[in-house]
Amino acid sequence: MEKLLKQTQQHEKDICYMDKNPNLSYRIAIVVVFFVNGFLYANCTGRLPELKDYFNVSNSTLGTMLFTTAIGALVAMPITGWLTTRYNSGKLTIYTGLLFCCIVPLIPYSQNVWVGRTSFFMTGFFSGAMDITMNGQAVFVERKYKKTIMSSFHAAFSIGMALGAGSGALFANYHFPLRLHLIYMAIVSIMALAVVSPIILRSQTGNTTIKEARTRRQRIPFLIWMIAIIGYCGMTGEGSMVDWSAIYMHTVVGKTKAFSALAVGTFATAMTIGRLFGDYFIDRMGRQFILLFSCFAAIVGLSEALLLPEAPTVLMGFFLVGIGLSNIVPMTYSTAGNIKGIDPSAGIAIASTIGYSGFFVSPPVIGYLSDGLGLRVGLAFPLLLFLVMLSIILFLIRRDRREAAAG
């Protein structure tokens, strides 16, 4: 009997392990949500060349359709912010994730460009809502751990992007019907969310950072705006690579649609590698050094891809851009949450909102530039923003050194 009692007690300890270690099961559940978001999104964007042919549109028209995605996301953000102040954000994370999975497969069923724009709008709406809720949940988990783990969530997103782009290339290579491809991937994504939903729903998180950011009005420090602009530039680069790298490989370099999907995969793989090791190198080499290195890597990589439009150099260039941009967003969140004079949650909310506007809004500009001047010139737009980001970082470093010398 005593032996049986000990075995029972040990079994109870094993069951409770993840709850005692702190919120490990909850952290894994949010990691899965990030993964699903990147996985399904990359499956869709990896086959953008086929969607472009399906709708029979120019780059500028495709840019307009992508712009409706941006509008949908921007409309969703304040609405989602309002909802998270009144309802359980864990439930909202699941609901927005399921709706995102349901809307993506409907894009290739659009009968014309206008219906396609509506589909892209709804995709952006639920993607934007999902971004806000899952990042709010990630911040909540990070606070429970009381250490920096934000990169791990964004690494899960990048892993999902890499695998999604890889599956997209595989399906395209075997000429698998686009409609069935997106339906199958949506089903897989829904199943993954269904597995983690009970963990998220029973985590009594209530309302997260967005509610806390609104509990009191504060004067926003100058530094938070600079950090938010850095995040904007970084997310603009991410959105540009995700939306246009495959098209650049196909139309400028001249590779097949199946091979072109590898451009997204290369970028996503580099993002994953950078984020998996980001916290390690930030702790050992310093935030300022990593920020400067990230900017230079992104500038050199995109310059190489634009100046030397051959498959090996383009893939290497996109890889460098991925390494450079991989930790910009996690460092933006971490820095914004530790600025004196403003509540941490408020700082993160401001940085994420401005940053995500760059992820969704700026890439369509490339479509208009590329129609008139070519896609190589169009992709010079994010390159210009990388230079802006570098100048802001250098300004902030000099400012810190002057303050340190004066103090």
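The numbers here are math on the coordinates, done by the rules we state, and not lab data. Computed from a predicted structure; not experimentally measured. Virtual Cβ from ideal backbone geometry, glycine too; neighbours counted across all protein chains shown.
Hydrophobic, long helices, defined as DSSP H runs whose alpha-carbon span along the helix axis is 24 Å or greater and whose mean Kyte-Doolittle value is at least 0.5, occur in the chain at 24-45, 59-84, 150-173, 178-201, 222-251, 257-285, 287-307, 344-361, 380-406.
Report the net charge of residues surrounding Ala311, where surrounding means a beta-carbon distance below 13 angstrom and charges are Lys +1, Arg +1, Asp -1, Glu -1. Before the final figure, lay out each step's value.
Values: positive: Lys255; negative: Glu304, Glu310.
Computed value for this residue: -1.
Just report the Cα centroid separation between the range 22-90 and the range 258-292, whole Å. Here the two parts' Cα centres lie 21 Å apart.
Of the chain, which part is the longest with no chymotrypsin sites (Phe, Trp or Tyr not before Pro) in a loop (DSSP not H, G, I, E, B) and with at most 16 other C-beta atoms within 10 angstrom?
Values: sites that count: Tyr87, Tyr174.
Looking at the chain, 175-407 is the longest stretch - no exposed chymotrypsin sites (Phe, Trp or Tyr not before Pro) with at most 16 other Cβ atoms within 10 Å.
Using square roots of five times the C-alpha gyration tensor eigenvalues, list the equivalent-ellipsoid semi-axes of the chain in whole Å, biggest first.
On the way: eigenvalues 219, 156, 83 Å².
Working through the eigenvalues yields semi-axes of 33, 28, 20 Å.
In deg cm²/dmol, rounded to 500, what helix-only [θ] at 222 nm does the chain give when every DSSP H run of at least 4 residues adds -39500 (n - 2.57) and the total is split over its residues? Don't skip to the end; give the middle numbers.
Values: 18 runs with 340 residues, N = 407.
Helix contribution divided over all residues of the chain: -28500 deg cm²/dmol.
So if I place +1 on the C-beta of Lys and Arg and -1 on the C-beta of Asp and Glu, and nothing else carries charge, what would the dipole magnitude of the chain be about its Cα centre? I want it in debye, nearest 20. Kindly include the intermediate steps, with their values, before the conclusion.
Details: 32 positive and 19 negative charges, 222 e Å.
Dipole of the chain, to the nearest 20 debye: 1060 debye.
Cα centroids of the range 131-193 and the range 307-336: 19 Å apart. Going from the residue with the fewest nearby Cβ atoms within 10 Å to the one with the most, Asp279, Asp371, Asp243 rank Asp371, Asp279, Asp243. Exposed loop sites here are trypsin sites (Lys or Arg not before Pro) assigned a DSSP state other than H, G, I, E or B and surrounded by at most 12 other beta carbons within 10 Å; excluding them, the longest clear run of the chain is 220-339.
Among Phe381, Leu291, Ala186, which residue has its Cα furthest toward the positive end of the charge dipole of the chain, with +1 on Lys/Arg Cβ and -1 on Asp/Glu Cβ? It is Leu291. Take every pair of alpha-carbon atoms less than 8 Å apart whose residues are at least six positions apart; their mean separation over the length of the chain yields a relative contact order of 24 percent. For the chain, lysine pairs separated by 8 or more sequence positions, or belonging to different chains, with Cα-Cα distances below 27 Å total 24.
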